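Here is the structure we will look at, set down as structure tokens.
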Amino acid sequence: MEFTHQPVLLEACIQGLRIRPEGLYLDGTLGRAGHSREIAKRLTTGRLICIDRDQDAINAAEERLGPWRERVTLVHGNFAGLREILENLNLGPLNGMLFDLGVSSPQLDDASRGFSYKKDAPLDMRMDRSAALTAREVVNCWSFEELRRILYEYGEERYAPAVAKAIVNARPLETTLELAEVIRSAMPPKALREKQHPAKRSFQAIRIAVNGELDALPPMLQAAADALAPGGRLAVITFHSLEDRIVKQTFRELARGCVCPPSFPVCVCGRKPIVRLDKPVTPGPEELEVNPRARSARLRVAERL
């Protein structure tokens with residue numbers, strides 16, 4: 001099946017990476033290669049490493065990156081293991097890395113993947129279809145307390161206890177529309193009048209739990225910063241407040257220098273910042289008109305010192 005894909009904040013990413021034709025770059029979330037194509041076409045003697053946990057993305061990249069294939073290395077893997085991936089490739093310091101977080105448009109548009117609360121499909125939500133944990137197991141096997149926790153923490157769902165209770169009482173659940181209807185039934189009338197779909201937050205929470213999305217971010221960002229050459233650029237696109245908060249806090253920690261108490265006359269910790277931060281970038285009106293899914297996107301860029 002062919003899907004359309006509109007890479008988010010494309011121009012801002014390319015500008016933020018400051019691509020050098022001979023440079024070494026990494027796209028840690030290949031997706032449908034929208035960003036990778038623009039990076040690859042700017043390289044001459046350089047190389048682009050493309051990572052994705054979804055084998056479908058790796059397969060599609062063979063064609064989508066065909067004109068530049070000789071300068072591209074494709075890796076089926078999870079950026080949670082970025083440090084190990086880079087060690088195995090033995091490439092040396094990189095000049096730039098890009099991570100476009102969250103679920104990709106093709107994954108959302110392919111009903112069979114189970115990410116959408118508007119299309120019926122088996123409860124799956126795995127970004128890597130070889131992974132063991134599925135949404136079906138989370139929904140049908142996890143305890144009320146664990147469901148309540150992920151709905152509140154990962155979905156910021158105000159009605160997490162009611163939704164978790166409704167899910168437990170409705171078990172077994174097999175499809176996305178069954179789950180969406182159970183979530184809707186747990187919502188008070190006030191929530192049903194909100195603009196967004198009543199199942200949006202809960203589906204986000206379950207997807208994050210299935211794929212371990214938030215746990216992977218701090219070690220990945222640290223590994224990325226460590227692997228950059230001086231002047232190398234790290235660009236990260238986030239789509240919701242939870243992941244953006246983690247990226248923001250990790251970037252600030254990487255950019256932090258001395259941590260000695262203010263009362264100390266001289267620094268004794270010896271800590272130095274390892275990156276400097278650019279101002280965050282969000283989509284403009286023109287991009288939002290073409291690609292409404294970009295509405296919540298935010299790009300953060302750090303440069304290795």
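Nothing in this text is a laboratory measurement; each read-out follows from the coordinates by a stated rule. Since the structure is predicted, the reported quantities are computational estimates derived from the model, not experimental observations. Every residue, glycine as well, gets a Cβ built from its backbone with ideal geometry; the counts of neighbours run over all protein chains shown.
Here are some notes:
- Cα centre as origin, Lys/Arg/Asp/Glu Cβ charges: segment 17-146 dipole, Debye: 580
- Projected label distance in nm at THR282 and SER241, using a 7 Å step from Cα toward the beta-carbon: 1.3
- Residues in segment 288-305 reached by a label modelled at GLU11 [backbone nitrogen below 19 Å; 7 Å Cα→Cβ]: 288-301
- The per residue volume of the convex hull around the alpha-carbon atoms of segment 142-189 is 71 Å³.
- When shorter helices are ignored and each DSSP H run of at least 4 residues is given -39500 (n - 2.57), the per-residue value for the chain at 222 nm works out to -11500 deg cm²/dmol.
- Each Lys and Arg Cβ is given +1 and each Asp and Glu Cβ -1; about its Cα centre, segment 83-137 then shows a dipole of about 140 debye.
- Share antiparallel - DSSP beta bridges, the chain, percent rounded to 5: 40
- Translational D in µm²/s for segment 147-218 (Stokes-Einstein at 10 °C, 1.306 mPa s, Kirkwood Rh from C-alpha pairs): 128
- With contacts taken as Cα pairs under 8 Å and at least 6 residues apart, the chain reaches a relative contact order of 18 percent.
- Paired Rg and Dmax values of segment 100-187, which use every Cα atom, in angstrom: 12.7, 37
- Spin-label pair CYS141-VAL259: with each label point 7 Å from Cα along the Cα-Cβ axis, the two points sit 3.8 nm from one another.
- Count of lysine pairs in the chain with Cα separation under 28 Å (8 or more residues apart, or interchain): 17
- Answer label for Cα Rg over 2.2 N^0.38 Å (calculated), chosen among (1) 1.01; (2) 1.07; (3) 1.31: (2)
- Local electrostatic count at LEU242 - Lys and Arg +1, Asp and Glu -1, tallied over other residues with Cβ under 13 Å: -2
- The HN-Hα couplings worked out from phi for segment 89-101 by the Karplus form 6.51 cos²θ - 1.76 cosθ + 1.60 (θ = phi - 60°) are 6, 6, 9, x, x, 9, 8, x, 9, 10, 10, 9, 6 Hz, whole numbers, x standing for Gly and Pro.
- Relative to one another, the C-alpha centroids of segment 226-281 and segment 178-212 are positioned 34 Å apart.
- For the chain, the longest principal axis of the Cα atoms and the long axis of helix 144-153 meet at an angle of about 50 degrees.
- Charge dipole (the chain, unit charges on Cβ, about Cα centre) - positive-most of PRO189, CYS269, ALA12: CYS269
- Radius 14 Å from Cβ of LEU30, net charge of other residues (Lys, Arg +1; Asp, Glu -1): -4
- Packing, as the average of other Cβ atoms within 10 Å across residues, places the peptides 293-301, 166-174 in the order 293-301, 166-174, highest first.
- Using the Cβ of LYS279 as centre and a radius below 13 Å, the other residues enclosed give a net charge of +2, where K and R count +1 and D and E count -1.
- Loop-located GluC sites (Glu not before Pro) in segment 1-102 (DSSP state other than H, G, I, E, B) with a sparse environment of at most 11 neighbouring Cβ atoms within 10 Å: GLU2, GLU22.
- Around the Cα centre of the chain, unit charges on the Cβ atoms of Lys, Arg, Asp and Glu (plus for the first two, minus for the last two) sum to a dipole of about 940 debye.
- Applying 1/(1 + (r/R0)^6) with r as the Cβ-Cβ distance of ARG193 and GLU289 and R0 = 45 angstrom yields a FRET efficiency of 0.95.
- Segment 161-289 has equivalent-ellipsoid semi-axes of 41, 19, 15 Å, by the square roots of 5 times the alpha carbon gyration tensor eigenvalues, sorted largest first.
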